[in-house]
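Undergrad: Just dropping this structure here.
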Amino acid sequence: MFEPVHGSAPKYAGTGQANPIGAILSAALMLETLGHREAAEALDAAVLAAIREDATTVDVGGTMTTSQVGSGIAKRVERAALAPAEA
């Protein structure tokens, strides 16, 4: 089983305030453990890029909602996956 250490945050359900990065990094750890190192590294890199660009939720200095952060990280992973094909 893989899950963020903090577990769930039911009081934030539906508010767009919950930070999804812990759950995303837990997924990266799961991928690495299951032998999908490249996918795990892509997630880690996308999260790091989001943090560097302040594309985060309010609790870590950003201005985005939960969905915006998750979508932004997903787009970064997608762009990274497509980059070698474009070269």
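Undergrad: Rounded to a whole number, what % of the accessible area of region 38-87 do carbon and sulfur atoms account for, probe 1.4 Å?
TA: Working: 1830 of 3220 Å².
The computed percentage sits at 57.
Undergrad: Calculate, for the chain, the solvent-accessible area per residue in square angstrom, rolling a 1.4 angstrom probe over the heavy atoms of the protein chains. Intermediate values should be presented prior to the final figure.
TA: Values: 5970 Å² over 87 residues.
Dividing the accessible area of the chain by its residue count gives 69 Å².
Undergrad: In addition: Can you compute the helix-only [θ] at 222 nm over the chain? Use -39500 (n - 2.57) per DSSP H run of at least 4 residues, normalise by all residues, nearest 500 deg cm²/dmol. Mind showing how you got there, number by number?
TA: On the way: 3 runs with 50 residues, N = 87.
One gets -19000 deg cm²/dmol as the mean residue ellipticity at 222 nm.
Undergrad: Which of these values of Cα extents along the principal axes in Å was calculated from the structure shown: (1) 38, 25, 23; (2) 43, 30, 19; (3) 39, 34, 17?
TA: Checked against the structure: label (2).
Undergrad: Could you tell me the calculated FRET efficiency between Asp59 and Ala83, based on Cβ-Cβ distance and R0 = 25 angstrom, to the nearest 0.05?
TA: Efficiency, rounded to the nearest 0.05: 0.25.
Undergrad: If you plug each phi of region 61-74 into the Karplus form 6.51 cos²θ - 1.76 cosθ + 1.60 with θ = phi - 60°, what whole-Hz ³J(HN,Hα) values come out, in order, with x for Gly and Pro?
TA: Coupling constants for region 61-74: x, x, 10, 8, 8, 3, 5, 5, 5, x, 5, x, 5, 4 Hz.
Undergrad: A follow-up question, please. Roll a 1.4 Å probe over the protein heavy atoms and report the accessible area of Asp54 in Å², nearest 10.
TA: Accessible area, nearest 10 Å²: 100 Å².
Undergrad: Here is a further query. Over the chain, what relative contact order in percent results from Cα pairs under 8 Å that are six or more residues apart? Don't skip to the end; give the middle numbers.
TA: Numbers: 84 pairs, mean separation 22.9, N = 87.
Rounded, it is 26 percent for the chain.
The values are calculated or read from the model by the stated rules, or taken from the named source; none is laboratory data. Fair warning: this is a prediction, and the values are worked out from it, not measured in the lab. As a convention, Cβ positions derive from the backbone with ideal geometry for all residues, glycine included, and neighbour counts pool all protein chains shown. Ligands, DNA and RNA are excluded from the accessible area calculation, which covers all protein heavy atoms including side chains. Shrake-Rupley method; radii C 1.70, N 1.55, O 1.52, S 1.80 Å.
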